[in-house]
Amino acid sequence: MFSQRNQPNTERPAPPEEPHYYRNVAAYRSYEEVLASKRRRGRWRRGAAVCAALALMGGLGCYLLIQEEDRGRERAAAPSPAAEDQPREDQPDQSPVLQAQEPLAEEEEGFALAVRPKPEEGKRQDHPALVVKDVTDVVKKVRPSVVGVATESFQTYSTGSTGSGIILSEDGYIVTNNHVVEGGDNVSVTLDNGETYSADLVGADAKTDIAVLKIEAQNLQAAEFGDSDQVEAGEAAVAIGNPMGLEGTATAGIVSAINRNIVVNGASMTLIQTDASINPGNSGGALINEYGQVIGVNSAKISVENYEGLGFAIPANQVKPVVEELIEKGYVSGRPLAGLSGRNLSAMAAAFYRLPQGVLIDQVDPKSDAALKGLAAGDILIGVDDIRVETVAQACSLRDRHKAGEMMKLTFYRQGAGETQEINVKLMEDANQQTGYNL
């Protein structure tokens with residue numbers, strides 16, 4: 001028999017205890033699981049922030065709404081100022097009587113339209129003029145006073161030129177540009193209603209480019225002339241004329257500038273500049289302000305070619321005295337004239353021919369004092385009153401400082417002789433601007 005000590009042990013031994021550093025360790029997670037968990041936490045935080053902001057805004061809106069309702073109840077409870085100002089039945093009304101006026105503004109679909117007060121007849125408002133977008137009333141007022149002017153030349157058997165004119169008086173006096181009727185043998189005038197009349201030339205002045213016509217008609221609608229000295233840059237301007245024979249054409253713009261000094265045919269003119277379209281045929285037409293007053297006589301002759309928005313008009317205050325002289329005498333009296341016709345000798349031509357730069361004399365009036373004292377065609381005028389001149393405009397400007405009958409000193413260079421001479425000539429009166437003498 002075997003003793004118990006020698007019998008084999010059939011019990012399994014207990015497993016060894018795990019080391020302490022493996023205890024309480026979380027289960028393993030992959031990188032994708034960790035990233036997804038972070039995204040969930042981020043979405044939760046953003047959602048919480050949005051909910052908090054919405055709650056705050058809702059509370060603020062409710063607070064403002066309550067405050068506005070409280071103010072509305074206070075205004076409703078307060079007494080009306082208009083009611084306080086109204087007189088009681090037992091108290092007589094001592095408020096001054098006010099004249100009825102046009103409303104200052106009217107509401108149209110929430111947009112305030114300012115209503116501008118109408119000016120008194122013939123008076124200019126103190127406030128600066130605004131650009132007029134609707135010129136219907138202005139055009140209706142002035143269009144019957146603007147006429148078409150056409151000239152015919154018997155020498156060329158053709159129509160000379162066409163232009164416009166402005167009715168000055170009910171009995172048929174009309175003002176237009178000199179260049180419209182210059183060289184014409186027959187002049188006709190067409191009214192706004194289509195009636196055509198034969199016109200007589202009362203007088204013309206080439207220096208100011210103004211001419212006066214007369215037709216045998218009565219009860220014409222004369223234009224109202226304004227004060228051009230009050231015109232300011234930026235004012236509304238409307239030009240009415242007959243460009244291309246299109247009678248009664250109206251173009252609108254503004255006064256671009258005033259007192260523009262432009263040299264035309266050797267003479268300096270002070271003009272009104274406008275961006276209202278002035279084309280051939282507009283010459284002699286009206287430039288009017290927003291009140292329907294003529295502030296200038298348009299002249300396409302002095303418009304700049306190949307440029308747009310550059311139109312010029314002769315100011316009304318310059319036109320009036322010229323028109324009065326032409327109607328009374330047929331010419332503008334007191335104008336000085338030396339009786340010379342010349343052209344500019346350019347610096348290049350002077351250097352090429354080895355001559356002094358100045359005014360090359362083409363013609364001398366045989367009745368002038370300059371002809372009697374030896375000045376002749378081919379001489380070069382280089383000085384007036386001991387002042388150096390190189391252009392006709394400079395010479396005319398110095399001449400206009402004198403009056404007819406006064407003495408003027410001329411310095412000229414004679415070709416061939418190669419010498420400079422001086423003479424004192426007596427200026428005659430320029431009684432006819434159509435002679436062709438420009439000095």
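The values are calculated or read from the model by the stated rules, or taken from the named source; none is laboratory data. Predicted, not measured: the structure shown is a model, and the values here were computed from it. Heads up, the Cβs are rebuilt from the backbone with ideal geometry, glycines too, and the neighbour counts pull from every protein chain shown. SASA here: full protein model, heavy atoms, side chains in, ligands and nucleic acids out. Shrake-Rupley method; radii C 1.70, N 1.55, O 1.52, S 1.80 Å.
Quick one: which strands (runs of 3 or more DSSP E) sit completely within the stretch 242-295 and have at least 2 residues that are surrounded by fewer than 17 Cβ atoms within 10 Å (Cβ to Cβ) and aliphatic (A, V, I, L, M)?
On the way: elements: 249-264, 267-274, 286-288.
Correct list: 249-264.
E232 fails exactly one of the following numbered conditions: (1) assigned to a loop (DSSP other than H, G, I, E, B); (2) farther than 15 Å from G296 by Cα; (3) open to solvent by 30 Å² or more (accessible area, probe 1.4 Å). What is the number of that condition? Among (1) assigned to a loop (DSSP other than H, G, I, E, B); (2) farther than 15 Å from G296 by Cα; (3) open to solvent by 30 Å² or more (accessible area, probe 1.4 Å), E232 violates only (2).
Would you point out the residue of the stretch 172-223, among those that are of a type in the set (A, V, I, L, M) and assigned to a loop (DSSP other than H, G, I, E, B), that is nearest to V297 (Cα to Cα)?
Initially, the stretch 172-223 is screened for residues of a type in the set (A, V, I, L, M), giving 174-175, 180-181, 187, 189, 191, 199, 201-202, 204, 206, 210-213, 215, 217, 220, 222-223.
Adding the requirement that they be assigned to a loop (DSSP other than H, G, I, E, B) leaves 191, 206, 215, 217, 220, 222-223.
Details: L191: 17, A206: 14, I215: 19, A217: 22, L220: 19, A222: 14, A223: 12 Å.
Among them, the one singled out is A223.
Examine the stretch 157-166 for a residue that is in contact with a strand residue (DSSP E or B) (Cβ under 9 Å, 6 or more places away or on another chain), surrounded by fewer than 23 Cβ atoms within 10 Å (Cβ to Cβ) and over 19 Å from G281 (Cα atoms), and state whether such a residue exists.
Quick first cut of the stretch 157-166, residues in contact with a strand residue (DSSP E or B) (Cβ under 9 Å, 6 or more places away or on another chain) only: 158-166.
Add one more test, that the residue is surrounded by fewer than 23 Cβ atoms within 10 Å (Cβ to Cβ), and what stays is 158-162.
Checking the rest, the ones that are also over 19 Å from G281 (Cα atoms) come to none.
No; the residues of the stretch 157-166 include none that is in contact with a strand residue (DSSP E or B) (Cβ under 9 Å, 6 or more places away or on another chain), surrounded by fewer than 23 Cβ atoms within 10 Å (Cβ to Cβ) and over 19 Å from G281 (Cα atoms).
One residue alone among V255, V294 is over 15 Å from V142 (Cβ atoms), at pLDDT 90 or above and in contact with a strand residue (DSSP E or B) (Cβ under 7 Å, 6 or more places away or on another chain), and that residue is V255. Every test in (1) surrounded by fewer than 12 Cβ atoms within 10 Å (Cβ to Cβ); (2) in contact with a strand residue (DSSP E or B) (Cβ under 7 Å, 6 or more places away or on another chain); (3) of a type outside the set (D, E) is passed by T411 save one, and that test is (1). Might you check whether a residue that is of a type in the set (A, V, I, L, M, F, W, C), at pLDDT 90 or above and surrounded by 20 or more Cβ atoms within 10 Å (Cβ to Cβ) occurs anywhere in the stretch 300-312? For the stretch 300-312, residues of a type in the set (A, V, I, L, M, F, W, C), at pLDDT 90 or above and surrounded by 20 or more Cβ atoms within 10 Å (Cβ to Cβ): present. Whenever a residue of the stretch 342-359 is open to solvent by less than 50 Å² (accessible area, probe 1.4 Å) and at pLDDT below 90, it has no partner that is in a helix (DSSP H, G or I) and hydrophobic (A, V, I, L, M, F, W, C) lying with C-beta atoms less than 7 angstrom away and at least six residues away or across chains.
Of everything in the stretch 369-423 that is out of contact with any Lys or Arg (no Cβ under 8 Å at 6 or more places or on another chain) and acidic (D, E), the residue that is modelled with the highest pLDDT is E390. Just to be sure, is D369 within 30 Å of L201 (Cβ to Cβ) and open to solvent by 30 Å² or more (accessible area, probe 1.4 Å)? Yes; evaluated as a whole, the condition is true for this residue.
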